[in-house]
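The values are calculated or read from the model by the stated rules, or taken from the named source; none is laboratory data. In this text the structure is predicted, and so the values were computed from the model without any measurement. No Cβ is skipped: glycine too gets one built from the backbone with ideal geometry, and neighbour counts run over all protein chains shown.
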Amino acid sequence: MARLLRRRNVEALNLSIRHCPKDRVSALPWAPGDVFSFVLYHKQRTWKGARDEVGVWTRELIALALRHGGRYYLPCQLHATVDQFYAAYPEAAQLRRTKQQVDPAGKLSNELWRKHL
């Protein structure tokens, strides 16, 4: 992670390591067991090129987490690819089926549903 952040010149402000107990409630649990998480705070500019650049190294971090059996937290910015999303959240297929049963018209939606589900 450190090599990737340095290579991409990420303006990392802080990295916290947190213990997260197993999520026993969510349909898309980002902590399917007791885990340690890395929370990265970084400086991000708001223009399109800067947002696109963050997307590139975020996808690289997600790939790194997946290679090591990890997941990523579902953020507001949806940088993960569809393949990365389904690799991290295999429960998504069941959630999609359930939502189709309870909301067949798709009235309850958000950007995550539009991009990945």
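Of all residues in the stretch 76-117, those satisfying the criterion of being assigned to a helix (DSSP H, G or I) and of a type in the set (Lys, Arg) are Arg96, Arg97, Lys99, Arg114, Lys115. For the stretch 32-47, enumerate the residues that are surrounded by 14 or more Cβ atoms within 10 Å (Cβ to Cβ) and either over 13 Å from Tyr72 (Cβ atoms) or touching a Phe, Trp or Tyr at 6+ places or on another chain (Cβ under 9 Å) (or both). Within the stretch 32-47, Ser37, His42 qualify. Scanning the stretch 60-71 finds one or more residues that are modelled with pLDDT of 95 or more, in contact with a His (Cβ under 8 Å, 6 or more places away or on another chain) and either surrounded by 14 or more Cβ atoms within 10 Å (Cβ to Cβ) or acidic (Asp, Glu) (or both).
Yes or no, residue by residue, for (1) polar (S, T, N, Q); (2) closer than 22 Å to Ala87 by Cβ; (3) part of a helix (DSSP H, G or I); (4) out of contact with any helix residue (DSSP H, G or I) (no Cβ under 8 Å at 6 or more places or on another chain):
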| residue | (1), (2), (3), (4) |
| --- | --- |
| His19 | no, no, no, yes |
| Lys22 | no, yes, no, yes |
| Thr46 | yes, no, no, yes |
| Arg51 | no, no, yes, yes |
| Val54 | no, yes, yes, yes |
| Arg59 | no, yes, yes, no |
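Answer yes or no: is there a residue in the stretch 48-56 that is farther than 24 Å from Asn110 by Cβ, basic (Lys, Arg) and surrounded by fewer than 14 Cβ atoms within 10 Å (Cβ to Cβ). No, every residue in the stretch 48-56 fails to be farther than 24 Å from Asn110 by Cβ, basic (Lys, Arg) and surrounded by fewer than 14 Cβ atoms within 10 Å (Cβ to Cβ).
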